[in-house]
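Working notes, structure below.
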Amino acid sequence: MRVTILAAVLAVAATACGTSTQTPAAQSESPSPTSTGPTAGSDKQKPAVDVKLTMQGKPGLGLLAATNQGKAPITFQGWPKLAFTNPANQPAAIPVEQKLVPGEGPSITLQPGQTAFAGVLLDVDDDANSFAINEMTAELPGLVPAKVTFIGTDGQPIADLSKLKVSEAKVGTMQPVTQGVLIFD
C-alpha cells in the first residue's frame, strides 16, 4: 500500500514539474522542440535570455549566441524561430529555412550564465525580394522571443540595421558548443 501511494505521489510530482515519463528512446523520436521549466501561467517560459548575432567574415554569416540571464535553468531543443521587422516596425516577410546544421539539435539545459549557439546565414543583397530590416528576434523553443543584438566583424554593436537588406535566411539547430554551427552547404 505504501509503495503504491509513493509511486502515485512521485508520478504526480513528476508531471507537475514537467518531467516526461517517456523513455529516452521515445523522447528522441519526437521531432517537435521541447522545453521544461517554470511557466508562470503561460505555455512559454519567461527567463531573461540575451541573444547576440556576431557577424563573421563571409557576408551574411553570423553566430547566434543565446545566454540564460535568468535565475533558473532553461531546457529546449530544436531551432530558434527568427522574425524580422522593417524600418517601419512592421513584420518583414523574410522566409527562414531550418537546416540540420551541424546536425540534429540535442536537448540543451542552460544554467544561469550559460550560452547555446546556432549558425545563421542571411541572404544579404539588394534585389527586388530583399527587405531592409530594423530588428530581428529569436525565439528559442518554448521561450518568449528576444530581440537580437547584431555585432559587427569589428566586435561592436551594429546600431543601424536599415542598410542591411535580407531576402531569406537559414538557421541551424541550437547546440551547446560552437563547433560546426557555421558550416552551411
Every residue from the stretch 128-157 that is open to solvent by less than 70 Å² (accessible area, probe 1.4 Å), farther than 13 Å from residue 94 by Cα and either assigned to a loop (DSSP other than H, G, I, E, B) or not hydrophobic (A, V, I, L, M, F, W, C) (or both): 139, 140, 141, 142, 144, 149, 152, 155
Qualifying positions in the stretch 100-123 - in a loop (DSSP other than H, G, I, E, B) and either within 13 Å of the chain's Cα centre (by Cα) or crowded, with 19+ Cβ neighbours inside 10 Å (or both): 101, 102, 105, 106, 107
Filter result (of a type outside the set (A, V, I, L, M), touching a residue at least 60 places away in the same chain (Cβ under 8 Å), within 16 Å of residue 148 (Cβ to Cβ) and open to solvent by 20 Å² or more (accessible area, probe 1.4 Å)) within the stretch 65-86: 79, 81
Filter pass, residue 98 being modelled with pLDDT of 95 or more and either farther than 26 Å from residue 163 by Cα or out of contact with any Phe, Trp or Tyr (no Cβ under 8 Å at 6 or more places or on another chain) (or both): no
Odd one out for residue 93 among (1) surrounded by 13 or more Cβ atoms within 10 Å (Cβ to Cβ); (2) over 22 Å from residue 179 (Cα atoms): (1)
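The values are calculated or read from the model by the stated rules, or taken from the named source; none is laboratory data. Nothing here was measured: the structure is a model prediction, and the numbers come from that model. Please note: Cβ atoms are built from the backbone with ideal geometry, for glycine as well, and neighbour counts cover all protein chains shown. To get the accessible areas, we keep the full protein, side chains included, count just its heavy atoms, and leave off ligands, DNA and RNA. Shrake-Rupley method; radii C 1.70, N 1.55, O 1.52, S 1.80 Å.
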